[in-house]
1. Going by amide H atoms built from the backbone, whose H comes under 5 Å of the H on Thr27, apart from near neighbours?
2. About the Cα centre of the chain, what is the dipole size in debye to 20, counting +1 per Lys and Arg Cβ and -1 per Asp and Glu Cβ, all else neutral?
3. Give the percent of DSSP beta bridges with both residues in the chain that are antiparallel, rounded to the nearest 5.
4. Leaving out ligands, DNA and RNA, what percent of the accessible area of the chain is carbon and sulfur, probe 1.4 Å?
5. Mean 1/r over all different Cα pairs, inverted: what Kirkwood radius does segment 20-80 give, in Å?
6. At R0 = 51 Å, how high is the FRET efficiency between Asp81 and Glu153 if r is their beta carbon distance? Nearest 0.05 is fine.
7. What is the extension gain from Thr25 to Arg254, computed as 0.36 nm multiplied by their sequence separation minus the C-alpha to C-alpha distance, in nm to one decimal?
8. Could you state the accessible area per residue of the chain in Å², with a 1.4 Å probe and every protein chain left in place?
Amino acid sequence: MSTTTAHARGHGSTDTPILHAEAITHTFGSLLVTDSVTLELAPGERHGLIGPNGAGKTTLFNIIAGEIVPDSGSVHLGGVDVTRLKPDRRARLGLARSFQHNNLFTDLTVRENLSIAGAIAHRVGHVAWRAFARHREVHASAESLAVALGLEEVLDTVVRHLSYGTQRQLEIALALALDPMILLLDEPTAGMSPEETAAMKAMIAALPASLTLLVIEHDMEVLFDLADRITVLDYGKVLLQGTPREVRDSDVVRSRYLGMQ
């Protein structure tokens with residue numbers, strides 16, 4: 001996997017959106033969590049999603065990932081309606097995600113974690129007589145991904161012995177092992193030290209330019225540096241969609257979310 005970075009991505013192009021969430025509405029009981037939210041990402045776009053606690057960010061993320069079926073609205077991946085498809089079906093169509101909290105096999109090594117993800121991606125075990133033929137391919141893919149993301153020195157380290165920042169790095173590597181077209185990142189720098197945050201930001205910035213990213217992130221400086229566009233949610237509604245500069249300069253966003261006068 002190439003790690004060439006190109007920040008001139010196609011969000012202004014006429015390409016079919018790689019992700020289109022249309023008029024997403026969802027309630028939990030009597031609580032309206034997302035209210036007619038529309039979100040569209042072009043191929044290769046890096047899009048941030050921000051808003052105060054309770055704004056509906058995680059619910060929208062889970063709807064896009066397939067964890068929740070919305071009350072109304074639709075989700076399309078590459079023009080395919082996936083609104084009612086399960087997460088595994090969406091994964092086969094090119095959607096992968098990380099979670100806010102690590103979702104790793106902590107008693108296994110980095111190599112073993114990556115090999116398991118690779119085996120899933122290559123569907124080893126689904127066709128038993130081909131498993132051994134693909135075994136070498138799976139491990140070679142794991143090593144290649146580790147090198148690309150700077151994990152080669154810890155390949156044989158048990159995950160629970162890694163630093164928190166490196167564990168988060170590995171979680172993204174596991175998502176990338178599925179060779180997705182779209183990667184959803186949920187608070188990738190949450191709980192990190194300044195040094196770990198800087199390393200994570202650099203790693204995300206170096207991901208292939210062809211990979212579309214949707215990122216929930218609490219650290220505004222990280223998101224302003226990484227994102228091509230940002231959607232601001234407030235009480236389940238879209239408050240603003242625009243470039244980082246437009247978001248930073250918006251009086252409404254400054255007063256309602258960034259806490260500035």
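1. Close amide H contacts, sequence-distant or interchain: Val33, Asp71.
2. So the dipole magnitude of the chain works out to roughly 600 debye.
3. 55 percent
4. 53 percent
5. Mean inverse Cα-Cα distance, inverted, gives 12.0 Å.
6. 0.70
7. Gain on extension, Thr25 to Arg254, equals 79.9 nm.
8. Ligands and nucleic acids excluded, the figure is 48 Å² per residue.
The values are calculated or read from the model by the stated rules, or taken from the named source; none is laboratory data. Treat the numbers as computed from the prediction; the structure is a model and nothing was measured. Using ideal geometry, Cβ is built from the backbone for each residue, glycine included, and neighbour counts are taken over all protein chains shown. Surface accessibility is based on the protein's heavy atoms, side chains included, excluding ligands, DNA and RNA. Shrake-Rupley method; radii C 1.70, N 1.55, O 1.52, S 1.80 Å.
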